[in-house]
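The values are calculated or read from the model by the stated rules, or taken from the named source; none is laboratory data. These numbers come from a predicted model, not from an experiment. All Cβ positions, glycine included, derive from the backbone under ideal geometry; neighbour counts span all protein chains shown.
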Amino acid sequence: MVSVTMKKRISFIFLTSALLLGLLVVRTAWIQFVMGKELQAKAIDSRLRNIDVKAKRGIIYDRNGSPLAISVSADSVYAVPSQVRRSNRIDEIVNALSQVLELDKEEVRDKLNKKVAFQWIKRRVSDEKIKQLKELDLPGINFVEENRRYYPKGKLAAHILGFAGIDNQGLNGIELTYDKELRGVSGKIMIEYDAAGREIPNAMHQYIPPVDGHSLYLTIDETIQYIAERELDQVMKIKQAKRGTIIVLDIKTGDILALANRPVFDPNNFADYDQGTWRNIAISDAYEPGSTFKTITAAGAMEENVVKPTDRFYDPGYIKVGKETVKCWRSYRPHGSQSFVEGVQNSCNPVFVTVGLRQGKDRFYKYLEGFGFGQKTGIELPGEATGILVPKSRAKDIDLATMSIGQANAVTPIQLIRAVAAIANDGWLMKPQLVKEIRDYDGKLLKKIEPEPVRQVISKNTSEELRAILETVVSEGTGKNAYLEGYKVAGKTGTAQKILPGGGYSSNEYIASFIGFAPADHPRIAALVIVDSPQGVYYGGQVAAPVFKNVVLDTLRYLEVPPEITGEAKFMEEKIIVPDVKNKKINIVTKELKSLGLKVQVEGQGDKVIIQLPPAGSQVIKGSTTILYTQDENSDQVVVPDLTGRTIKEASIILSELGLEMAPQGSGLAVIQEPQPGSKVDKGTSVRVKFLSPNEEHHEETIGP
């Protein structure tokens, strides 16, 4: 008979067993039904290894379909460390890999000793080295095909294209901005291994192919880009400049036809270059534009009717704004009385300061903001700057004065060319574009990017009037070096002192620039040339204007824009032989010269011509100025002539004919004289004249034309 104690023990054991069994059933059910999928995935993951197969990045083309960035196949080497160690040949494998792939032995050994299922040894290896490794048949060493980004044109358009990294990701330029469209969708290779890390024969092998990325068609033209970079390299070499930028823009559409910066890098080997060369200074760096900005001042003032082309101004070499004095760039020889058109031709600071002050702060900022300064243009590149504007709330008259001549505010090159292109485009401001189309890997059009007008800043009438004025800057003013045979060109020079890092302006470093468009009557393209810190002569009209001329002339010819008149007709129309007018009455001579199409400038108060410049028989362009020196025969005093720009020989002849002596200093062309032009002195007085050669610098504490 079972005792009570025994029954209790049996019951306890039974209940305990039942409880444990119940818990086991619950746990089994939990694992099977609740966590089943998760654990199954982990089990598969433990025996399956995925190798990513990167998609080919889409091709980047220029506007005509020429490839600028492509993807090429290259094998990469990876290891399964457990298989390498199990082969007991690790020393042999380390030596082989380090020798063929030119890697450090200890670095390779560390990779093979890692407790991981997959380890890259080296990515994107040359075909020759892959062949050597495959012939060695090293256990645990495998290969997978990957894609490498290749830029077939090397440095061409580097700052537009940018570059892509080793993992197929865009890191800079268009490659970064359109990375999502270009990179595609990666594929996978799945291989099944046993618990010991060995590949299972005839086991599950799955290949999921990648989907290649979309392709881009840019707005830039490979040929125009080459022209811009060729001319930029040339001026950088000749002038030993620190940096430079050229932008060529389609005025009607806002398409960027070329954008070049120096220094530059090769995107195929971008890591070998200093990171400073990666910077796209055309959109990322702001600078004080100097006189090129006077086009904006003129546009706003003309639109608001605060100035007319016929308005007269007087330049004594400076202008007072409150307690401050703003000098003209040619303060050593003031422009004197001039019309507004002549003020633009001469890039006269007092004229533009006067116009800016007339316009007033509210109206000035209306056009400053209307033309897009102080805000991003929206160009499809990373790192665009907004520029720096003097806050309207604290802008004073002196700020307005300096802003009117291109100082105080800092703008980016892309902002400036967009604004000037708007002046040429009947006042319409366009968004600058770099991408025209996006197509899939089969060439099917996915998206066409249309030109995008932002707003009309000035009227068509103002645009036409200002275009005509800017054309005279090239034909008659400071921009003569940008003149193109057969085409009318409108533009503006600029010579700005560089801002010092701690504030203030440099006394020996300048930014030379020229901005303009052509043909002036029916504008097709705009171009901006900036040369930072040129050595020797630094004026925009002498440094940047010739570069602009070469770029625009070759571009117009490439685009098959027909010349307006032939070179021979232009020559015959504009060249005039200067007649001999010495000892003739000044009133008769003036009529004679004007009838020939020449301008006349009279020096002195006599009624007969003593000296004429250019000399008789000289061949000059129609519209050129002839200077006539006169002398009052009944007076013992002489009016001192203006000798600026004359050679020592010319100055000596002029002074001698007038009965004056010369005390020369230096050589080259006259830049300063004492007494000042227009002064009355006794005959026999010695005139001190300082001459400088064209390669010497004559510093002024202001910006130049």
* Name the residues in the range 430-460 that are free of Cβ contacts under 8 Å to residues at least 24 places away in the same chain and under 25 Å from Ile525 (Cβ atoms), would you? -> Lys448, Ile449, Glu450
* Answer from Val235, Val248 - the residue that is in the same structural domain as Pro534 (by TED's automatic domain parsing) and within 21 Å of Arg63 (Cβ to Cβ) -> Val248
* Structure fact -> Note on Gln601: of the conditions (1) surrounded by 16 or more Cβ atoms within 10 Å (Cβ to Cβ); (2) of a type outside the set (Asp, Glu); (3) part of a strand (DSSP E or B), unmet is (1)
* To do: Answer with yes or no whether Val341 is buried (at least 18 other Cβ atoms within 10 Å of the Cβ), touching a residue at least 24 places away in the same chain (Cβ under 8 Å) and part of a helix (DSSP H, G or I).
  => yes
* Do we find a residue being out of contact with any Gly (no Cβ under 6 Å at 6 or more places or on another chain), at pLDDT 80 or above and surrounded by 15 or more Cβ atoms within 10 Å (Cβ to Cβ) anywhere in the range 35-51? -> no
* To do: Would you check if Lys498 is of a type in the set (Lys, Arg) and either assigned to a loop (DSSP other than H, G, I, E, B) or modelled with pLDDT under 95 (or both)?
  => yes
* Please name all residue pairs, on different chains or six or more residues apart, with Cβ atoms under 6 Å, provided the first residue is in the range 134-157 and is within 22 Å of Ser186 (Cα to Cα) and the second residue is in a loop (DSSP other than H, G, I, E, B). => Glu146/Lys54; Asn147/Lys54; Asn147/Lys56
* To do: May I ask you to verify whether Leu470 is on the phi < 0 side of the Ramachandran plot and assigned by TED's automatic domain parsing to the domain that holds Leu368?
  => yes
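Table: residues versus (1) surrounded by 14 or more Cβ atoms within 10 Å (Cβ to Cβ); (2) assigned to a loop (DSSP other than H, G, I, E, B); (3) at pLDDT below 80; (4) not assigned by TED's automatic domain parsing to the domain that holds Arg333.
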position: Val552; (1), (2), (3), (4): yes, no, no, no
position: Asp580; (1), (2), (3), (4): no, yes, no, yes
position: Ile588; (1), (2), (3), (4): no, no, no, yes
position: Lys594; (1), (2), (3), (4): no, no, no, yes
position: Ile610; (1), (2), (3), (4): yes, no, yes, yes
position: Gly617; (1), (2), (3), (4): no, yes, yes, yes
position: Glu650; (1), (2), (3), (4): yes, no, yes, yes
position: Ser656; (1), (2), (3), (4): no, no, no, yes
* **Residue satisfying condition, being in contact (Cβ under 8 Å) with a residue 12 or more places away in the chain, within 30 Å of Gly162 (Cα to Cα) and among the aromatic types (Phe, Trp, Tyr), within set Phe364, Phe373** => Phe373
* Qualifying positions in the range 247-274 - under 17 Å from the mean Cα position of the chain (by Cα) and either assigned to a helix (DSSP H, G or I) or of a type in the set (Lys, Arg) (or both) -> Arg262
* To do: Look at the range 126-139 and say how many of its residues are modelled with pLDDT under 85 and of a type outside the set (D, E, K, R).
  => 1
* Asked: Which of the residues spanning the range 499-531 are closer than 23 Å to Thr402 by Cβ and in contact with a Ser or Thr (Cβ under 8 Å, 6 or more places away or on another chain)?
  -> Ile499, Leu500, Glu509, Tyr510, Ile511, Ala512, Ser513, Phe514, Ile515, Leu528, Ile530, Val531
* Asked: Taking the condition over 22 Å from Trp428 (Cβ atoms), modelled with pLDDT of 90 or more, of a type in the set (A, V, I, L, M, F, W, C) and surrounded by 23 or more Cβ atoms within 10 Å (Cβ to Cβ), does Val351 pass?
  -> yes
* **Asp632 being surrounded by fewer than 17 Cβ atoms within 10 Å (Cβ to Cβ), outside any helix (DSSP H, G or I) and out of contact with any strand residue (DSSP E or B) (no Cβ under 6 Å at 6 or more places or on another chain)** => yes
* Structure fact -> Of the residues in the range 619-629, those that are part of a loop (DSSP other than H, G, I, E, B) and touching a Ser or Thr at 6+ places or on another chain (Cβ under 9 Å) number 1
* **Matching strands (runs of 3 or more DSSP E) fully within the range 125-194 where at least 3 residues are more than 13 Å from Gly58 (Cβ to Cβ)** => 141-150, 187-192
* Asked: Restricting the range 658-689 to residues that are in a strand (DSSP E or B) and of a type in the set (D, E, K, R), which is farthest from Thr625 (Cα to Cα)?
  -> Asp682
* To do: Out of Thr493, Thr478, report the one residue that is buried (at least 20 other Cβ atoms within 10 Å of the Cβ), touching a helix residue (DSSP H, G or I) at 6+ places or on another chain (Cβ under 8 Å) and assigned to a loop (DSSP other than H, G, I, E, B).
  => Thr478
* **Restricting the range 276-309 to residues that are of a type in the set (D, E, K, R) and outside any helix (DSSP H, G or I), the residue that is surrounded by the fewest Cβ atoms within 10 Å (Cβ to Cβ)** => Lys308
* **Pairs with Cβ under 9 Å, 6+ apart, first in the range 648-660 and without any contact (Cβ under 8 Å) to a residue 40 or more places away in the chain, second in a helix (DSSP H, G or I) and not small (Gly, Ala, Ser)** => Leu660/Ile654
* Structure fact -> In the range 252-264, anything out of contact with any Gly (no Cβ under 7 Å at 6 or more places or on another chain) and surrounded by fewer than 23 Cβ atoms within 10 Å (Cβ to Cβ) is listed as Lys252, Thr253, Pro263, Val264
* Structure fact -> Restricting the range 513-545 to residues that are over 18 Å from Lys294 (Cβ atoms) and in contact with a Gly (Cβ under 7 Å, 6 or more places away or on another chain), the one surrounded by the fewest Cβ atoms within 10 Å (Cβ to Cβ) turns out to be Asp532
* Search the range 481-490 for residues being of a type in the set (Gly, Ala, Ser) and outside any loop (DSSP other than H, G, I, E, B), and hand back the single one that is surrounded by the fewest Cβ atoms within 10 Å (Cβ to Cβ). => Ala490
* To do: Assess whether Gly290 counts as being outside the structural domain of Leu171 (by TED's automatic domain parsing), under 30 Å from Pro309 (Cα atoms) and touching a helix residue (DSSP H, G or I) at 6+ places or on another chain (Cβ under 9 Å).
  => yes
